[in-house]
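Right, one structure below, let's go through it.
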Amino acid sequence: MRSRTALLAAAALTAAATGTATAVTAPGAAAAGCTVAYTVQTQWDSGFTSGVTVTNTGDPVSGWNLTWTFAGNQRVTQGWNADLAQSGAGVTARNVAHNGTLATGASASFGFNASYSGSNAAPATFKLNGVTCNAGPVDPDPPTDPPGPGARVDNPYAGAKVYVNPEWSARAAAEPGGTRISDRPTGVWLDRTAAIEGVGSAMGLRDHLDAALTQKGTGELVVQLVIYNLPGRDCSALASNGELGATEIDRYKTEYIDPIAAILADQKYAGLRIVTTVEIDSLPNLVTNVTPRPTATPNCDTMKANGNYQKGVGYALNKLGDAPNVYNYVDAGHHGWLGWDDNFGPSAEIFKTAATTEGATLGDVHGFIVNTANYSALKENHFTVDDSVNGVSVRQTKWVDWNRYVDELSYAQAMRAKLVTLGFDSNLGMLIDTSRNGWGGAARPAAPGPRTSADAYVDGGRFDRRIHLGNWCNQSGAGLGERPQAAPAAGIDAYVWMKPPGESDGSSKAIPNDEGKGFDRMCDPTYEGNPRNNNNMSGALADSPLSGQWFSGQFQELMRNAYPAL
């Protein structure tokens, strides 16, 4: 069975904060086993922030409470993703509505702030529904031997290095200060048929896989590929339109997916863990940018009518998933695109439709990726979606605009939960692209905004400094985000840099080219917007080249505004 024993505690700092316990559904039958990871994430003279991940290793439970006793004088002052109550040194954390069900092997994470003085020792014992945790096996069905080279694993990133693209690394290292990050792994974008063999002097797919074998050595190594060439690609944008017309699904299959699948199936590469991120910015368009939505485009209406997005994604999942060392992750947009009720559920349904089309099955999907090539903050620490100011919910603010989520971590975990209810694997893994969502530098707020109004509270405290969540092209003020890492939070397989920092999103003015890439005004810093960004300024950097080409000005800005800082 699949297990997620590699998960570490990194609680989502984005859900409702509550200082006292409230009534919840009574816990189900006591679990037969559990593990708890307790981490002090931040500590200062008089307080600290902790994250807790509890994993059920026994029978499924329909409600839970986790108890522990502090060794010192720690006092919980605020919590999230659980209802916490404290009596003396004893603490009880009860599930909230969205995380009460724990299947065998499933995990829930929550966090809290607390005060203390003197020492801050971690609790020695935890109990889940009365059963002592960390006292039995972590996995109720452990393998008798560790997986051998090339064996399928639950999280491909766990215990593995990740391929560093030498072409991107060289460009990054050539920039002043670029050697600080030039050794980081990034995605390899196969954004046209010619990229499979290599365009000009550029490396092709086999070149990258051969280089990966050299980097691998005797350990495990992940190679990250972006499968990105659907017919009628990016129907709501122009900057990244592709080479295939809306009806050319057969060419997509035979000239693009089939050659990639044949290379990945080569036994020479069987020892690599190959992660494919399948068709960025495609399926959500069939929900948000079609008639009768005000954001509809004729191109998206065409793609919804002909079904070639679903057919293409399904075909890719089916063919690529045939190789046992390939891990398919489907694009799931980002919270600033799909976080609203009328987008969230229908998009999840579209993902399921695509994953059961053209011979694909839900088993061909290892996980999903969010925020690819986008800028949404990983965690907004200064406000939650359930906060209110003077009786006004933050959901009513201009920035949040009735969205259910305020950052990518909460969105990714919620989308994962939704997809599991639709039949996807209960241990589905998520990836979050953190290549450009750090939002550091002098403009990064150090505290919540003033409580004079809900808008002031949100705008003054939010890390994401874009003019509008709909802005996506070469955003001014953006910075590198969390460095790539495995299993950073519950349900998250990895933070990744799938979009290589420094590669342009699109040109700031029309540039003739033979790549099918149009001029999208959202990349023009003088553009005053459209319905997809509520008619705001684009927030784009000036003097940008075609999408995918090196943009030195953006790279320098990303390093300058990195958070954590370089």
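At 10 °C and a viscosity of 1.306 mPa s, what translational diffusion coefficient does Stokes-Einstein give for the stretch 166-325, taking Rh as the Kirkwood radius over Cα pairs? Give it in µm²/s as a whole number.
Numbers: Rh = 17.1 Å.
Diffusion coefficient, whole number: 93 µm²/s.
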Selection from T526, G548, S508, by position along the positive dipole direction of the stretch 473-566 (Cβ) = T526
Accessible heavy-atom area order of R521, R466, highest first, probe of 1.4 Å | R521, R466
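Quick one: net charge around G477, please, counting Lys, Arg +1 and Asp, Glu -1 for every other residue with C-beta under 10 Å from its C-beta.
Working: positive: R444, R465, R466, R560; negative: D464, E557.
Once all neighbours under 10 Å are counted, the net charge is +2.
Return the carbon/sulfur percentage of the accessible area of the stretch 325-395, one whole number, probe 1.4 Å, all protein chains in place.
On the way: 920 of 1970 Å².
About 47 percent, which is the carbon plus sulfur part of the accessible surface.
Compute the length gained on full extension between T353 and R444: take 0.36 nm times their separation in residues and subtract their Cα-Cα distance, giving the result in nm to one decimal.
Working: separation 91, 0.36 × 91 = 32.76 nm, distance 4.02 nm.
Here the answer is 28.7 nm.
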Using unit Cβ charges (K, R positive; D, E negative) and no other charged atoms, how large, in debye to the nearest 20, is the dipole of the chain about its Cα centre?
-> 1060 debye
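For the stretch 326-485, what is Rg from Cα atoms divided by 2.2 N^0.38 Å, rounded to two decimals? Walk me through the numbers before you get to the answer.
Details: Rg = 16.6 Å, N = 160, 2.2 N^0.38 = 15.1 Å.
Against the compact-globule rule of thumb, the ratio is 1.10.
Among bridges DSSP assigns within the chain, what percent are antiparallel (round to 5)? Intermediate results must be reported in sequence, preceding the final value.
Working: 48 of 75 bridges.
Within the chain, antiparallel bridges account for around 65 percent of the total.
State, to one decimal in nm², a quarter of the convex hull surface area for the C-alpha atoms of the chain, i.e. the direction-averaged projected area.
On the way: hull surface 101.6 nm².
Computed as one quarter of the Cα hull surface, the answer is 25.4 nm².
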Per residue, accessible area of the chain with a 1.4 Å probe, heavy atoms of protein chains only, in Å², comes to 37 Å²
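Divide by every residue of the chain the summed helix terms, -39500 (n - 2.57) for each DSSP H run of at least 4, and state the resulting mean residue ellipticity at 222 nm, rounded to the nearest 500 deg cm²/dmol. Mind showing how you got there, number by number?
On the way: 12 runs with 107 residues, N = 566.
One gets -5500 deg cm²/dmol as the mean residue ellipticity at 222 nm.
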Would you mind pulling out the separation of the Cα centroids of the stretch 369-392 and the stretch 473-500, in Å?
-> 16 Å
Quick one: grab the alpha carbon gyration tensor of the stretch 364-421, order the square roots of its eigenvalues as a ≥ b ≥ c, and give me rounded if a/c is under 1.5, else prolate or oblate depending on whether a/b is larger than b/c.
-> prolate
Report the calculated FRET efficiency for T39 and S87 (r = Cβ-Cβ distance, R0 = 22 Å), to the nearest 0.05.
-> 0.40
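For D342, D207, what's the largest-to-smallest order of accessible area, 1.4 Å probe?
On the way: D342 95, D207 75 Å².
From most exposed to least exposed: D342, D207.
Tell me the net charge near L238. Cut-off is 9 Å between Cβ atoms, L238 excluded, with +1 for each Lys or Arg and -1 for each Asp or Glu. Intermediate values should be presented prior to the final figure.
On the way: positive: K517, R521; negative: D234, D520.
For residues surrounding L238, the net value is 0.
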Of all the accessible heavy-atom surface of the stretch 434-566, with the other protein chains kept in place and a 1.4 Å probe, what percent is carbon and sulfur?
-> 51 percent
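What dipole magnitude, in Debye to the nearest 20, does the stretch 345-425 give about its Cα centre under +1 on Lys/Arg Cβ and -1 on Asp/Glu Cβ? Kindly include the intermediate steps, with their values, before the conclusion.
Details: 7 positive and 10 negative charges, 31 e Å.
Dipole magnitude for the stretch 345-425 comes out near 140 debye.
Within the accessible area of the stretch 215-261, what % is carbon and sulfur when the probe is 1.4 Å and the other protein chains stay in place? Show your work: numbers first, answer last.
Values: 740 of 1440 Å².
Accessible surface attributable to carbon and sulfur in the stretch 215-261 totals 51 percent.
Output the direction-averaged projected area (hull surface divided by four) of the convex hull of the alpha-carbon atoms of the stretch 234-337, in nm². Kindly include the intermediate steps, with their values, before the conclusion.
Values: hull surface 28.8 nm².
Over all viewing directions, the stretch 234-337 projects a mean Cα-hull area of 7.2 nm².
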Unit charges at the beta carbon, dipole of the stretch 247-372: most positive-side option, A262, V330, A348 = A262
Pairwise label distance in nanometres, Q485 with A122, each label 7 Å out on the Cα-Cβ vector | 1.5 nm
Compute the separation of the alpha-carbon centres of the stretch 326-343 and the stretch 521-566 and state it in Å as a whole number.
-> 22 Å
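What does the charge add up to near I369, with Lys and Arg as +1, Asp and Glu as -1, over the other residues with Cβ less than 13 Å from its Cβ? Write out the running numbers ahead of the final one.
Numbers: positive: R416, K499; negative: E279, D281, D331, E408, D433, D493.
Net charge around I369: -4.
The values are calculated or read from the model by the stated rules, or taken from the named source; none is laboratory data. The shown structure was predicted, so the numbers you read here are calculated from the model rather than taken from an experiment. Ideal geometry is used to build each Cβ from the backbone, glycine not excepted, and the neighbour counts take in all protein chains shown. The protein model used for the area step is the full one, side chains on, heavy atoms only, and it has no ligands, DNA or RNA in it. Shrake-Rupley method; radii C 1.70, N 1.55, O 1.52, S 1.80 Å.
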